[in-house]
1. Along Cα→Cβ, 7 Å out, is where each label goes; now give me the distance between the ones at Trp149 and Lys183 in nm to one decimal.
2. Nearest 0.05, what FRET efficiency do Leu156 and Ser28 give at R0 = 45 Å with Cβ-Cβ as r?
3. Note the full-extension length gain between Gln200 and Ala169 as 0.36 nm times their separation in residues minus their Cα-Cα distance, in nm to one decimal.
4. Apply 1/(1 + (r/R0)^6) to the Cβ-Cβ distance of Asp17 and Ser121, taking R0 = 45 Å, and write down the FRET efficiency to the nearest 0.05.
5. For a protection proxy built on the mean count of beta-carbon atoms within 10 angstrom, sort 59-68, 33-42, 149-158, 167-176 highest first, please.
6. Taking 0.36 nm per residue of separation and subtracting the Cα-Cα distance, what length does fully extending Ser36 through Glu85 add?
7. If you find the alpha carbon centre of the stretch 58-124 and of the stretch 139-177, how far apart are they in angstrom?
8. In debye, nearest 20, what is the charge dipole magnitude of the stretch 54-95 about its Cα centre with +1 on Lys and Arg Cβ and -1 on Asp and Glu Cβ, if you could check?
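What follows draws every value from the coordinates through simple rules; no lab data is involved. Remember, it's a predicted structure, so these values are computed and weren't measured experimentally. Backbone-built Cβ (ideal geometry, glycine too); neighbour counts: all protein chains shown.
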Amino acid sequence: MTNQTQQAVEVARGNADKMRGFLQTQASEIALIAPSTISVDTFIAVSVDALARDELLLQAARNNPVKFVGALMKAARMGLEPGTEEFYLTPRKVKGQWEILGIVGYQGIVKMIYNAGAVSSVVVEVVRERDGFSYSPGRDERPDHVVDWKSDRGDLALVYAYAVMKDGATSKVVVLNKTDIEKHKAKSDSAKSDYSPWNQWPEAMWMKTAARQLGKWVPTSAEVRGSERTITAPPASVQVGVVDNPDLDDDEGAPAPADEDLTVVDGELVDTETGEVIG
């Protein structure tokens, strides 16, 4: 690492540490909405670490702290770790200024399915052009997916998802093709950005879309439910998950806290103890 790079890292870390102090002022609000299994201190540390690793994210957080806190509140409410594959923190430009958008990841939805305590396993897989794949609804209980690991599998073609319930039954099987995925992607305001997960991690976003559809058919929860519960698979015609849960939408973050909930001066953070502008 060159001296110049090292200096840039130290500056970013210093600014991130100031952001840590700001987030500590929001700790009580985070604790109020987060599941009981979430450590607020750890949650804040993970959030700050994400900023320290990405200078553009840090800039976006400083430009619009209200939007940043709104994204974190969404992650906290869902019991997910921000800045990870459970919950992406992505920069986007709005009216010439960078701000942070929170997007639920594939692993986040799968985590919420497991949290509900109704399933023993969740399967989410992509199918590529040269894979073997067969599934007939009403005839097959689960898809038959054959992969030749020694050959080039080709481009993404399909994605499927299902859960095995605690009683051994199989949930509804979700199968989406490229056209289905493109329709979901088109609803994403951030999809055209180079920083969007759709462009940085397309396979993960295909899997996230299938998992999100599966979440309409099996229970999900931010809280970890007791493992003693046994829930059987519902009929394929019954949706029991989070059909209308806006938290699972690709682009819409949690409603941002009102401006008066944060100490902000002209879009900048202020240390509530010293009165120093964090910049």
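1. Inter-label distance under the simple model: 3.5 nm.
2. Once the sixth-power term is evaluated, E becomes 0.55.
3. Length gained, Gln200 through Ala169: 7.6 nm.
4. Efficiency, rounded to the nearest 0.05: 0.65.
5. Details: 59-68: 22.6, 33-42: 14.2, 149-158: 11.8, 167-176: 16.9.
Highest mean packing first, the order is 59-68, 167-176, 33-42, 149-158.
6. That works out to 15.5 nm of additional length.
7. Here the answer is 26 Å between Cα centres.
8. Using only the charged Cβ atoms, the result is roughly 400 debye.
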